[in-house]
Every structure is written in structure tokens, then in C-alpha cells.
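What follows is one structure encoded as C-alpha cells, with my remarks underneath.
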Amino acid sequence: MEAANPLWRKYRIGKELGRGSFARVNIAQHVRTRHNVAVKIINRRQPIETVRREIDLFRLCAHPHVVRMYEVIATPTQTHVIMEHMKQGELFNYILEKGRLPEDEARDYFQQIIAGVEHCHKNNVVHRDLKPENLLLDGKGNVKIADFGLSETMEDGRRLSEVCGSKNYMAPEIFTGKGYGHEVDIWSCGAILYALLCGSFAFDGRSDSALLNKIKTATYALPDDLSGGARDLIQKILVVDPTRRITIPSIRQHHWFKQNLPPYLPLDVPQHLNMLDGDIIKEVVGYGFKRGHLILSLLSSIQTDATVAYYLLLHNRPSNTVASSCS
């Protein structure tokens with residue numbers, strides 16, 4: 001039975017990492033490279049349209065600060081989504097453990113989050129469930145967006161109307177019934193920045209109605225020792241009227257945000273992704289794959305066994321390794 005399942009030929013399945021209504025996530029080892037991945041195992045009780053949509057959105061939003069989806073393996077009873085294993089887990093648990101983060105560390109994470117969200121928005125994707133639980137850490141100082149289960153595409157001026165998300169991070173316009181757009185993700189980013197800097201929810205209440213009232217009036221308190229720049233940015237994001245809320249381009253120009261901005265973040269994403277790594281290409285060819293076919297597949301964003309090996313090796317490269325380019 002196991003031999004007939006293509007998953008078992010490529011991966012050794014390990015312990016369970018988490019479980020939901022229609023899926024569970026296990027750690028697994030890629031047989032060729034021996035690097036770990038996360039496998040989301042979705043049973044067929046989950047509507048196939050929902051599964052396909054999330055897979056399509058992961059592919060559409062490929063970015064250095066979005067969790068990488070390596071491949072999808074379907075069987076008659078299950079769909080297996082093979083993803084980057086984020087060794088350090090949820091940003092939520094990191095905040096619980098550390099409490100308030102130093103401003104430099106909080107800013108570093110926030111810069112990465114904004115870069116990922118900006119890329120999603122450029123591809124007309126609204127995430128709709130940005131929160132520390134859906135932001136994962138890789139153990140190398142990188143944070144990446146995960147879980148596109150509630151995400152939706154927006155095209156041709158379309159407005160969204162479904163009430164969804166996690167209440168503590170939901171924008172006030174979601175509750176009005178008048179429609180909303182990308183601005184809801186910016187509000188969520190503001191609530192996340194608050195959590196990073198303050199170690200607690202920006203909006204909380206003893207009841208749903210109390211929480212909703214705080215959200216609709218943007219009622220929150222900032223610590224006295226927060227810097228003026230951080231305070232100013234949070235106040236510009238957590239604005240009830242979405243037409244007056246700061247935009248991502250303006251966040252990028254904010255003086256607090258721009259401090260110590262990593263050089264790679266302003267790069268155009270396709271340009272960044274097409275800088276192929278010659279050393280890793282040689283390593284993949286060493287597994288028996290053809291070099292020309294691998295390069296063409298990478299540049300064309302075509303998923304093959306060779307590209308899966310390439311990205312696994314790339315994502316597991318030691319932080320201090322210098323890459324050689326390949327064209």
C-alpha cells in the first residue's frame with residue numbers, strides 16, 4: 001500500500017505537527033536531499049475547490065517571505081501539499097515566550113511581513129487572516145506568511161464582503177457590510193506590529209461586543225516608553241476609515257520602517273527569484289537531473305522533482321554561505 005503512494009517514494013513521514021478539521025501537518029524528510037519539509041495532508045472531505053484555491057494562491061504568491069510550496073501530490077483519498085518546514089514555528093509562540101520585542105527586532109520582522117503582504121497585493125490577493133499564528137519563523141531570522149485558506153483574489157474593482165478572519169486582527173470595515181479591499185491586511189499588519197512591540201493584543205475584550213466596539217473606535221493603549229517613530233506608524237495604520245489608512249508604499253517611506261532595511265527587500269521579486277544559484281544547480285545535477293531542463297523549469301516556474309530538490313537545498317543553505325550566480 002505504501003509503495004503505491006507516490007508520497008512514500010519521495011518522503012519519509014515523521015511526527016504530526018498539528019491538526020485541523022480537514023487536514024493534519026506532519027514533518028517529513030525528502031529522500032534525495034535528506035532535508036525536512038512540512039506535509040499538509042488534506043482528506044477529501046475538504047471541498048476540492050477550496051483545496052485548489054489555496055494551492056493556486058501559494059503558487060501565485062511565491063516570495064522570499066511567503067512559505068514555499070514545493071509540490072502537490074494527489075492520491076484518490078488525500079491531497080499532500082509539500083511545504084517549507086519552518087523550524088522555529090509560529091511568531092505567536094515566539095511573542096509569548098519573549099514578550100515585548102526590542103524595536104530593532106520587531107522592525108526587522110515587520111519589514112519582512114510588509115514585503116510579503118505587498119507581493120500578495122501586487123498579485124491581487126487579499127490574505128484576510130494575517131496574525132502571528134499564521135506567520136512562521138525559520139530559525140534564521142526570517143518570518144514568512146502561511147495559510148491562504150481564507151485568502152481571496154480581487155480584480156476589476158471587486159469588493160469583498162464575507163466576514164472572516166481572527167477577530168483581534170480584523171479591520172473595522174469587515175463588520176460594516178459595505179465591502180472591503182486590500183486595506184484590511186494593512187490593519188492586520190498594524191495589529192501585528194502592536195503585538196511585536198507591546199507583547200499583547202492591540203484589541204481585546206471580555207466579550208465579542210466589547211472587542212468589536214474597541215475595533216470600530218480604534219481604542220487601544222500604547223506603552224509610554226515606545227519610541228515616537230513606532231508610535232506614529234501604529235497610529236497611521238490603525239485608522240478606522242480605510243481611505244485614510246496609510247498605504248504600503250507610504251509605510252515603506254516611513255522613517256521608522258526604513259531604518260536598517262535589508263538591501264534585498266526593495267528588489268523586484270521576479271528579478272530576485274531568477275538569480276539562480278550555480279552551486280546548488282551543480283548539486284542537483286549530481287542527483288542525476290539534467291542541468292538544462294532544471295534551469296528551464298526554474299525560469300519557467302514549472303514544478304518538477306529537480307526543482308523541488310533545488311528549492312529544498314536553497315532554503316536549507318547555511319546563512320553564512322555565499323552563493324554563486326548562474327545564468
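The values are calculated or read from the model by the stated rules, or taken from the named source; none is laboratory data. Worth saying up front: this structure is predicted, and the values here are computed from it rather than measured. Cβ coordinates were reconstructed from backbone atoms using ideal geometry, including for glycine residues, and neighbour counts include every protein chain displayed.
Is at least one residue of the range 14-26 hydrophobic (A, V, I, L, M, F, W, C), within 19 Å of Q303 (Cα to Cα) and either crowded, with 17+ Cβ neighbours inside 10 Å or in contact (Cβ under 8 Å) with a residue 40 or more places away in the chain (or both)?
no
Just need a number here: residues in the range 170-217 that are surrounded by 14 or more Cβ atoms within 10 Å (Cβ to Cβ) and small (G, A, S).
The first filter runs over the range 170-217 and keeps only residues surrounded by 14 or more Cβ atoms within 10 Å (Cβ to Cβ), leaving 170-175, 180-203, 205, 211-212, 214-216.
Restricting the remaining residues to those that are small (G, A, S) gives 171, 181, 188, 190-191, 195, 199-200, 202, 205.
Adding up the residues that qualify gives 10.
Any idea how many residues of the range 224-265 are basic (K, R) and within 30 Å of L160 (Cβ to Cβ)? Talk me through it step by step, then tell me what you get.
Filtering the range 224-265 down to residues basic (K, R) leaves 231, 236, 244-245, 252, 258.
Those still in the list that are within 30 Å of L160 (Cβ to Cβ) too: 236, 244-245, 252.
The number of residues fulfilling the criteria is 4.
Here is a list: I246, I234, I302, I251. Which entry is at pLDDT 95 or above and not in a helix (DSSP H, G or I)? Step through it out loud before you land on a result.
Details: I234 fails: not in a helix (DSSP H, G or I); I302 fails: at pLDDT 95 or above; I251 fails: not in a helix (DSSP H, G or I).
I246 is the lone residue from the list that is at pLDDT 95 or above and not in a helix (DSSP H, G or I).
What pairs come out if I take residues in the range 208-221 that are on the phi > 0 side of the Ramachandran plot and pair them with residues that are surrounded by fewer than 17 Cβ atoms within 10 Å (Cβ to Cβ) whose C-beta lies under 6 Å away, six or more apart or interchain?
Sorted first by the residue in the range 208-221, then by its partner, the pairs are A218/V240.
Could you please find all residues in the range 166-175 being touching a residue at least 24 places away in the same chain (Cβ under 8 Å), closer than 25 Å to E155 by Cβ and part of a helix (DSSP H, G or I)?
Within the range 166-175, Y169, P172, E173, F175 qualify.
Of the conditions (1) of a type outside the set (F, W, Y); (2) assigned to a helix (DSSP H, G or I); (3) more than 30 Å from I73 (Cα to Cα), L296 fails just one. Which one is it?
(3)
Residues that are surrounded by fewer than 17 Cβ atoms within 10 Å (Cβ to Cβ), without any contact (Cβ under 8 Å) to a residue 60 or more places away in the chain, closer than 30 Å to G157 by Cβ and charged (D, E, K, R): does the range 42-51 have at least one? Steps first, please.
The initial filter retains those residues of the range 42-51 that are surrounded by fewer than 17 Cβ atoms within 10 Å (Cβ to Cβ), namely 43-45, 47-50.
From the residues that got through so far, the ones that are without any contact (Cβ under 8 Å) to a residue 60 or more places away in the chain too are 43-45, 47-49.
Next, only the ones that are closer than 30 Å to G157 by Cβ stay: 47-49.
The next check asks that each one be charged (D, E, K, R); those that pass are 49.
Scanning the range 42-51, I find at least one residue that is surrounded by fewer than 17 Cβ atoms within 10 Å (Cβ to Cβ), without any contact (Cβ under 8 Å) to a residue 60 or more places away in the chain, closer than 30 Å to G157 by Cβ and charged (D, E, K, R), so the answer is yes.
Among the residues of the range 90-136, which ones are under 16 Å from the mean Cα position of the chain (by Cα), surrounded by fewer than 20 Cβ atoms within 10 Å (Cβ to Cβ) and outside any helix (DSSP H, G or I)?
Residues satisfying the conditions are E90, N123, N124.
Which ones in the range 176-199 are more than 16 Å from the chain's Cα centre (by Cα), of a type in the set (D, E, K, R) and part of a helix (DSSP H, G or I)?
Passing the criteria: only E183.
Condition first: part of a strand (DSSP E or B) and either surrounded by 18 or more Cβ atoms within 10 Å (Cβ to Cβ) or of a type outside the set (A, V, I, L, M, F, W, C) (or both). Now tell me which residues in the range 74-86 satisfy that. Steps first, answer last, please.
Taking the range 74-86 as the starting set, the residues that turn out to be part of a strand (DSSP E or B) are 74, 78-84.
If the condition is that a residue be part of a strand (DSSP E or B) and either surrounded by 18 or more Cβ atoms within 10 Å (Cβ to Cβ) or of a type outside the set (A, V, I, L, M, F, W, C) (or both), then Q78, T79, H80, V81, I82, M83, E84 are the ones that fit.
In the set L160, L135, which member is in contact with a Leu (Cβ under 6 Å, 6 or more places away or on another chain) and either on the phi > 0 side of the Ramachandran plot or not acidic (D, E) (or both)?
Working: L160 fails: in contact with a Leu (Cβ under 6 Å, 6 or more places away or on another chain).
The conditions single out L135.
Residue-by-condition table, conditions (1) modelled with pLDDT under 95; (2) out of contact with any Asp or Glu (no Cβ under 6 Å at 6 or more places or on another chain):
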residue: Q112; (1), (2): no, yes
residue: N124; (1), (2): yes, no
residue: K131; (1), (2): no, yes
residue: L135; (1), (2): no, yes
residue: G141; (1), (2): yes, yes
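Take the residues of the range 206-221 that are in a loop (DSSP other than H, G, I, E, B) and in contact with a Phe, Trp or Tyr (Cβ under 8 Å, 6 or more places away or on another chain): which is nearest to P242 (Cα to Cα)?
Of all residues in the range 206-221, those in a loop (DSSP other than H, G, I, E, B) come to 206-207, 217-221.
Imposing the further condition that a residue be in contact with a Phe, Trp or Tyr (Cβ under 8 Å, 6 or more places away or on another chain) reduces the set to 219-220.
Values: T219: 16, Y220: 17 Å.
Once the filter is applied, the top-ranked residue is T219.
Name the residue, out of E155, E162, that is touching a helix residue (DSSP H, G or I) at 6+ places or on another chain (Cβ under 9 Å) and either assigned by TED's automatic domain parsing to the domain that holds R231 or modelled with pLDDT of 95 or more (or both). Lay out the reasoning, then the answer.
Details: E155 fails: touching a helix residue (DSSP H, G or I) at 6+ places or on another chain (Cβ under 9 Å).
Going through E155, E162 in turn, just one is touching a helix residue (DSSP H, G or I) at 6+ places or on another chain (Cβ under 9 Å) and either assigned by TED's automatic domain parsing to the domain that holds R231 or modelled with pLDDT of 95 or more (or both): E162.
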